[in-house]
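Bear in mind these aren't lab numbers, they're just calculated from the coordinates by the rules spelled out. Everything numeric here is computed off the predicted structure, so don't read it as measured data. Note that we place each Cβ from the backbone using ideal geometry, even for glycine, and neighbour counts take in every protein chain shown.
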Amino acid sequence: MSIDLNADVGESFGPWPMGEDESLIPLVSSVNIACGFHAGDPLTIERTVALAVIAGCAIGAHPGYPDLVGFGRRDLAMSPTEVEAAMVYQIGAVAAFAQAAGTELRHVKAHGALYNLAGRDPAAAEAIVRAVLRVSEELVLFALPGSPMIDAGRASGLTVAVEAFADRAYEADGTLRSRRHADAVIDDPAAVGAQALGLAQGRGVEAVDGSRLDIRPDTLCVHGDRPGAAGRARAARAALESAGIEVAPCRR
């Protein structure tokens with residue numbers, strides 16, 4: 001039994017550091033590298049790709065809205081055509097750095113507000129799928145359970161990995177709890193480990209109202225932008241491996 005453990009990384013910008021990438025990346029099996037629109041810059045992308053290569057992680061692009069000030073977590077009024085072009089631009093940037101490092105881009109995971117929009121809006125989901133296909137039909141697409149991206153991606157022939165979050169709270173309808181709420185993000189490493197294990201073992205996750213969500217993920221995410229990210233990733237990996245679950249990238 002195996003499951004992918006991914007992290008959003010490469011979110012520093014110029015001289016402003018964010019995250020604990022050097023200690024976090026060796027703990028996961030896949031990385032989602034910011035592409036310069038919501039965070040990151042060319043040098044940060046290059047450095048993050050190098051860290052992923054050393055750690056043996058599968059490399060993914062993490063494209064989002066062009067919103068550095070809002071960290072890509074604000075909705076922008078972009079047409080599907082604009083979203084598609086922005087996605088191709090960003091995915092292509094990380095793919096080029098991966099190729100230059102002697103490896104390849106393996107997957108794509110949209111970021112923040114754009115990811116959430118594509119979880120409920122078929123037009124946005126289809127724009128993302130078209131962009132991924134334009135870069136490579138071999139890429140794996142990460143998507144929320146029940147997302148229009150799952151249907152659009154599979155219909156297009158892409159491999160789709162259902163993603164769940166070890167460090168986020170869920171609403172009863174399966175959506176992620178808004179970050180406007182203080183309990184939206186799980187900071188306690190033990191709780192992150194327990195949630196990761198429950199999801200990996202097919203037991204789903206408890207929503208904030210106490211109901212149980214039947215989520216069966218292919219990949220689990222731990223965020224890299226908050227303090228203590230490495231500790232939470234370490235707890236998730238330890239919980240999985242102690243139960244005999246291998247941590248490995250998604251199959252294509």
Check your understanding: Which residues does a label at Glu241 reach in the stretch 32-76, if reach means a backbone N under 15 Å from a point 7 Å past the Cα toward the Cβ?
Key -> 55-57
Review point. Using the Cβ atoms and a cut-off under 14 Å, what net charge is assigned to the surroundings of Gly228, where Lys and Arg are +1 and Asp and Glu are -1?
Key: -3
Study note, to complete from the structure: For Val205, other-chain or 5+-apart residues with amide H closer than 5 Å (H placed, Pro excluded) are Leu213, Ile215
Exercise for review: Considering only Arg216, Arg47, Arg179, give the residue with the highest GNM mean-square fluctuation for the chain, with springs between Cα atoms whenever their separation is below 10 Å.
Suggested key: Arg179
Point to revise | Integer Hz, Karplus 6.51/-1.76/1.60 couplings in order for the stretch 30-37, x for Gly and Pro | key: 9, 10, 10, 9, 4, 10, x, 8
Review point. Of Ala100, Ala182, Ala39, which has the largest mean-square fluctuation in a 10 Å C-alpha GNM of the chain?
Key: Ala182
Study note, to complete from the structure: Listed residues Val135, Val83, Val69; largest mean-square fluctuation, Gaussian network over the chain with Cα springs below 10 Å, found at Val69
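Provide Ser12, Ser178 in ascending order of the number of other Cβ atoms located within 10 Å of each residue's Cβ, fewest first.
Details: Ser12 20, Ser178 10.
So the residues, fewest neighbours to most, are Ser178, Ser12.
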**Study point:** Gain in span if fully extended, Ser156 to Arg74, counting 0.36 nm per residue against the direct Cα distance
**Key:** 26.7 nm
**Study point:** Dipole magnitude (debye, nearest 20) for the chain, charges at Cβ of Lys, Arg, Asp, Glu
**Key:** 180 debye
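Where the only charges are on Cβ atoms (+1 Lys, Arg; -1 Asp, Glu), what is the dipole of the stretch 154-214 about its Cα centre, to the nearest 20 debye? Don't skip to the answer; put the middle values down first.
On the way: 7 positive and 10 negative charges, 41 e Å.
In debye, rounded to 20, the stretch 154-214 gives about 200.
How much length is gained if the chain between Ala50 and Arg180 is pulled fully straight, taking 0.36 nm per residue apart and subtracting their Cα-Cα distance, in nm to one decimal?
43.4 nm
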Check your understanding: Computed FRET efficiency, Cβ-Cβ of Leu133 and Ala190, R0 45 Å: what is it to the nearest 0.05?
Key -> 0.65
Review point. Hey, got the dipole for the stretch 82-222? About the Cα centre, +1 on K and R Cβ, -1 on D and E Cβ, debye to the nearest 20?
Key: 80 debye
